[in-house]
Amino acid sequence: MTDLMQVTLTQDAPAAHWGKANVTFQNDVASIHIKAGDIQRQVQQAARKLQSQGVSAVALEGELWTVDSQWAFAQGFATAQIKPKIQWTGDDASKKLLNDRLESASFARDLINETPENLSPMVLATRAANWLSEIGGDKVSYRIIEGEELLEHQWIGIHAVGRGSERPPALLEVDFNPLAADADVSVALVGKGITFDSGGYSIKSSEGMLGMKCDMGGASTVTAALGLAIKSGLNKRVKLFLCCAENLISGHAYKLGDILTYKNGVTVEVVNTDAEGRLVLADGLQAASETGAPLIIDAATLTGAAFMAVGTNYNAIFSPQAEVLALAQQKAIAAGERVWPLPLDPWHMESCPSPYADTANSRAMKGGGAGGASNAAGFLWRFVTPEANWLHIDLASAFSDSGDSLWAAGGTTHGVLTIAGLLED
């Protein structure tokens, strides 16, 4: 790597002529001035400033750098167009960990930032399967169920949401098994893979549709997390399910008033075709439940309500089990990520009533009404086996529409490390 700008951390205050600046320059060396408090946030903001000033390659130097602060720098330094060029500091183990994180996060970020035209449901499924196969070798096997074949397996939700597109929907199942062939599945992962969301007949505004290439953020997040865990020596059997579809309008598209009968017998009235994520995840959660895994984790850019509740710096988490929420919070803190639990009680399963079916997929009002994120989680709960612990992650922080002081515009990959930590536990 050539033409590297050296970047150091210092606890010294900047010289008076720099004013309140937290990044200063001298002799081609940039210094990030950190204060007591959230050091990782300060470093990430400083990295954004450096990148916005045209710095494209850096060498991190000095004794104050830790793995966590270097990773925070990488997150702030990445953009949709430029993969971070960073020379890490520290021992070989730290450098390997950081390189593994960067490769995994870059894979997720590239998928999220890909154009909807280039990333059809089958392309998403195939790219995820190939990447995991490259990492896991013969420990990874997979199959893709595509188009009308979904009906043969009773994956009703994915088929319904995706049938309006000329490009068929798909369910990807990946099996990572480093153990005996008959080993139990320890964890099942489920990701929402809506490669573009027009809203269907409940059509979004042009502004609301612009960023909807990110609606497969759950699929990219769980895939990247599994890849990172494999790179870190994961020694348990994990299955991954990606629910991939385009939610478009056509003469073949599903409609308001349709009733879907799922594999487990639950009937669902469609009252909002823009509440499609939960319809595809219902299939994925049933497939995950069939594995017998004691822990099921799903991730999805599911509701605007979660975004309104926790903002852009947190992902919302839900679980019927308090110990699962506590573990997720612990893993997020250890990884320098942020999650916040929102309510989920049994009565949330009844929050979207229908006179025609067991439940509706939302409420027939703007945004699904009050408590929309919890109502969506309650809907999903119907499709999770009672025997499993379950964590639902509503990825409010997976995508930055226009960029801010922490993130460049596009995919953030916020959530990858939390899920990887839960896999490695």
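The values are calculated or read from the model by the stated rules, or taken from the named source; none is laboratory data. Predicted model, so just to flag it, every value in this text is computed and none were measured. Please note: Cβ atoms are built from the backbone with ideal geometry, for glycine as well, and neighbour counts cover all protein chains shown. Quick note on the areas: whole protein, heavy atoms, side chains included, nothing else; ligands and nucleic acids left out. Shrake-Rupley method; radii C 1.70, N 1.55, O 1.52, S 1.80 Å.
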Could you please give the count of residues in segment 167-192 that are over 23 Å from Thr385 (Cβ atoms) and touching a strand residue (DSSP E or B) at 6+ places or on another chain (Cβ under 9 Å)?
4
Quick check: anything in segment 51-61 open to solvent by 20 Å² or more (accessible area, probe 1.4 Å) and at pLDDT 95 or above?
yes
Can you name the residue in segment 45-95 that is without any contact (Cβ under 8 Å) to a residue 12 or more places away in the chain and not in a loop (DSSP other than H, G, I, E, B) and is also nearest to Ile32 (Cα to Cα) among such residues?
Ser52
May I ask you to say which residue of Leu132, Leu124, Leu151, Leu98 is in a helix (DSSP H, G or I), touching a residue at least 24 places away in the same chain (Cβ under 8 Å), on the phi < 0 side of the Ramachandran plot and out of contact with any Ser or Thr (no Cβ under 9 Å at 6 or more places or on another chain)?
Leu98
Return the total of residues in segment 267-300 being in contact with a Phe, Trp or Tyr (Cβ under 7 Å, 6 or more places away or on another chain) and open to solvent by 10 Å² or more (accessible area, probe 1.4 Å).
3
Consider Ser402 carefully, then state whether it is in a loop (DSSP other than H, G, I, E, B) and out of contact with any Gly (no Cβ under 7 Å at 6 or more places or on another chain).
yes
Going through segment 160-174 one residue at a time, which ones are over 19 Å from the mean Cα position of the chain (by Cα) and of a type outside the set (S, T, N, Q)?
Ala160, Val161, Gly162, Arg163, Gly164, Glu166, Arg167, Pro168, Pro169
Long-range neighbours under 7 Å by Cβ, at least six apart or interchain, first residue under 20 Å from Gly378 (Cα atoms) within segment 328-348, second loosely packed, with under 15 Cβ neighbours inside 10 Å
none
Take residues that are free of Cβ contacts under 8 Å to residues at least 60 places away in the same chain and tell me which of the helices (runs of 4 or more DSSP H) falling wholly in segment 196-315 contain 3 or more.
206-210
Only one of these conditions is not met by Ser397: (1) open to solvent by 10 Å² or more (accessible area, probe 1.4 Å); (2) part of a loop (DSSP other than H, G, I, E, B); (3) in contact with a strand residue (DSSP E or B) (Cβ under 9 Å, 6 or more places away or on another chain). Which number is it?
(1)
In segment 11-33, anything exposed (fewer than 15 other Cβ atoms within 10 Å of the Cβ) and under 18 Å from Ala74 (Cα atoms) is listed as Val29
Working only within segment 51-87, note down all residues that are over 21 Å from Ala224 (Cα atoms) and of a type in the set (A, V, I, L, M, F, W, C).
Val55, Ala57, Val58, Ala59, Leu60, Leu64, Trp65
Can you pull out the residues in segment 411-422 that are surrounded by 24 or more Cβ atoms within 10 Å (Cβ to Cβ) and farther than 21 Å from Asp38 by Cβ?
Gly411, Ile419, Ala420
Within segment 322-364, residues being part of a helix (DSSP H, G or I) and either open to solvent by less than 40 Å² (accessible area, probe 1.4 Å) or in contact with a Gly (Cβ under 7 Å, 6 or more places away or on another chain) (or both) number 9
Considering only segment 161-175, I want to know if a residue exists there that is in a helix (DSSP H, G or I), modelled with pLDDT of 95 or more and over 21 Å from Ser133 (Cα atoms).
yes
Output yes when any residue across segment 171-186 is in contact with a Gly (Cβ under 9 Å, 6 or more places away or on another chain), closer than 12 Å to Pro121 by Cα and acidic (Asp, Glu), and no when none is.
no
